[in-house]
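Visitor: Take a look at the following structure, please.
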Amino acid sequence: MARREREHKTNALRELDAAGVAYEARPYDDDLDHDEVPARDYGARIAEALGEDPDAVFKTIVCVAPSGGHVVCCVPVACEVDLKRAAAAAGEKSLALLPIRELERVTGYVRGGCSPVGMRRAFPTIIDETATLFARIGVSGGRRGLQVLVDPEELARFCGATFADIARG
């Protein structure tokens, strides 16, 4: 009898399990060149590969405030984060995108695998209000090739996130 291979759980999945948050893990083939594919196209391709509505699949963007603090923003994959509205929602004067080269050091995640769940430390999190239109939304499961479908209200409660109008496009 062949030895059964253990499923590799990411920090995101372990934290959701520990908190009792219901989710569905959806693996997908990750054959994209992450340095060549623009973030906007990358998320849309994932939604398509999973057969999900791109409006219900969210990407995680990490921003930096002038004070050096970080804010996590989740917006639909076909949209961009509106930094002015996100700053207002976070109570910050302004926000800038975290440079990709700093993403892993700050969050523990790489581009294409950044999840609002399971980062190295908790940051203020804002989810675009359109998430509330869906019974479940997709977010990264904490690595490239893994998406998690979860109730947006449960995700917000778990992450201590707020909903606000932060997407454009």
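The values are calculated or read from the model by the stated rules, or taken from the named source; none is laboratory data. Just so you know, these numbers come straight off a predicted model, no measurement behind them. Backbone-built Cβ (ideal geometry, glycine too); neighbour counts: all protein chains shown.
Visitor: I'm trying to understand the selection: among the residues of region 144-169, which are crowded, with 17+ Cβ neighbours inside 10 Å and without any contact (Cβ under 8 Å) to a residue 40 or more places away in the chain?
Guide: Within region 144-169, PRO152, ALA156, PHE163 qualify.
Visitor: Got a sec? Which of ARG26, ARG6 is in a strand (DSSP E or B), of a type in the set (D, E, K, R) and either at pLDDT below 95 or surrounded by fewer than 17 Cβ atoms within 10 Å (Cβ to Cβ) (or both)?
Guide: Working: ARG6 fails: in a strand (DSSP E or B).
Checking each option against the conditions leaves just ARG26.
Visitor: While we're on this one: Give me the pairs: first residue in region 132-143 and crowded, with 19+ Cβ neighbours inside 10 Å, second residue of a type in the set (Phe, Trp, Tyr), beta-carbon distance under 6 Å, and six or more apart or on different chains, which are they?
Guide: ILE137/PHE58; VAL139/PHE58
Visitor: I want to confirm something. Restricting to region 118-169 and keeping residues that are charged (D, E, K, R) and assigned to a strand (DSSP E or B), which single residue is modelled with the lowest pLDDT?
Guide: ARG168
Visitor: Considering only helices (runs of 4 or more DSSP H) fully contained in region 33-110, which possess at least 2 residues that are more than 16 Å from the chain's Cα centre (by Cα), modelled with pLDDT of 95 or more and small (Gly, Ala, Ser)? Write out each step before concluding.
Guide: On the way: elements: 39-50, 83-90, 100-107.
Those helices (runs of 4 or more DSSP H) span 83-90.
Visitor: Please go through (1) surrounded by fewer than 20 Cβ atoms within 10 Å (Cβ to Cβ); (2) touching a helix residue (DSSP H, G or I) at 6+ places or on another chain (Cβ under 7 Å); (3) assigned to a loop (DSSP other than H, G, I, E, B) for SER115 and return the number of the only condition it doesn't satisfy.
Guide: (1)
Visitor: If you scan region 77-89, which residues turn out to be within 17 Å of CYS159 (Cβ to Cβ) and touching a Gly at 6+ places or on another chain (Cβ under 9 Å)?
Guide: none
Visitor: A further question on this structure: When both residues are 6+ apart or on different chains and their Cβ atoms are under 8 Å apart, which pairs have a first residue that lies in region 3-27 and is under 17 Å from ALA135 (Cα atoms), and a second that is part of a helix (DSSP H, G or I) and modelled with pLDDT under 95?
Guide: Between residues of region 3-27 that are under 17 Å from ALA135 (Cα atoms) and residues that are part of a helix (DSSP H, G or I) and modelled with pLDDT under 95, the close pairs are ARG26/LEU50.
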